[in-house]
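Remarks on the structure that follows.
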């Protein structure tokens, strides 16, 4: 809502339309501009196709807000489920990489673009029984640092 209140055109990306529809309606009812892109961001090919379709109607992305995240199977490592561990890493870290990688050409077209990542203090301090989440958020923190260095020449800030 804050971006829309500042006259930004907001694209929401969701797995299903109904999960984000009320937010889009709130933006539109307050006079803002918003729409939904439907894609499974965990499927790189599907996500790339969605962003390519988006790119055919837009020239740039000014702000990429990476805030997908989950935490499941809160158990000590020895009792954890490997499939759930991978699911958390994929959702919290790999998806952020997919989004940043796919959005880069459109971010580079913007003037002073920004990438905002949502991490957690647990990416720095850890927590017993929450290893996948902590590892994924530590990885996201490092991804933001590396992207920040790589994208300096393009005037894209990453936080």
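Can we say residue 68 is at pLDDT below 85, closer than 22 Å to residue 141 by Cα and either out of contact with any strand residue (DSSP E or B) (no Cβ under 8 Å at 6 or more places or on another chain) or surrounded by 12 or more Cβ atoms within 10 Å (Cβ to Cβ) (or both)? Against the criterion (at pLDDT below 85, closer than 22 Å to residue 141 by Cα and either out of contact with any strand residue (DSSP E or B) (no Cβ under 8 Å at 6 or more places or on another chain) or surrounded by 12 or more Cβ atoms within 10 Å (Cβ to Cβ) (or both)), residue 68 qualifies. Suppose we filter 148, 123, 69 for residues that are in contact with a helix residue (DSSP H, G or I) (Cβ under 8 Å, 6 or more places away or on another chain) and part of a helix (DSSP H, G or I); which single one remains? After ruling out the rest, the residue left standing is 123.
From the set of residues in the range 96-112 that are in contact with a strand residue (DSSP E or B) (Cβ under 8 Å, 6 or more places away or on another chain) and in a helix (DSSP H, G or I), which is surrounded by the most Cβ atoms within 10 Å (Cβ to Cβ)? Among residues in the range 96-112 that are in contact with a strand residue (DSSP E or B) (Cβ under 8 Å, 6 or more places away or on another chain) and in a helix (DSSP H, G or I), the one surrounded by the most Cβ atoms within 10 Å (Cβ to Cβ) is 96. Just one of the listed residues (52, 56) is assigned to a helix (DSSP H, G or I), surrounded by fewer than 16 Cβ atoms within 10 Å (Cβ to Cβ), in contact with a helix residue (DSSP H, G or I) (Cβ under 9 Å, 6 or more places away or on another chain) and at pLDDT below 90, namely 52. The lone criterion from (1) closer than 19 Å to residue 14 by Cα; (2) part of a helix (DSSP H, G or I) left unmet by residue 115 is number (2).
In the range 76-95, the qualifying residues are those that are part of a loop (DSSP other than H, G, I, E, B) and surrounded by fewer than 16 Cβ atoms within 10 Å (Cβ to Cβ), and the one that is farthest from the chain's Cα centre (by Cα) is 76.
For the range 5-49, a tally of residues being more than 25 Å from residue 157 (Cβ to Cβ), over 14 Å from the mean Cα position of the chain (by Cα) and assigned to a loop (DSSP other than H, G, I, E, B) returns 4.
The values are calculated or read from the model by the stated rules, or taken from the named source; none is laboratory data. All figures in this text were calculated on a predicted structure; none of them were measured in a lab. Methodologically, a virtual Cβ is constructed for each residue, glycine included, from the backbone with ideal geometry; neighbour enumeration extends over all protein chains shown.
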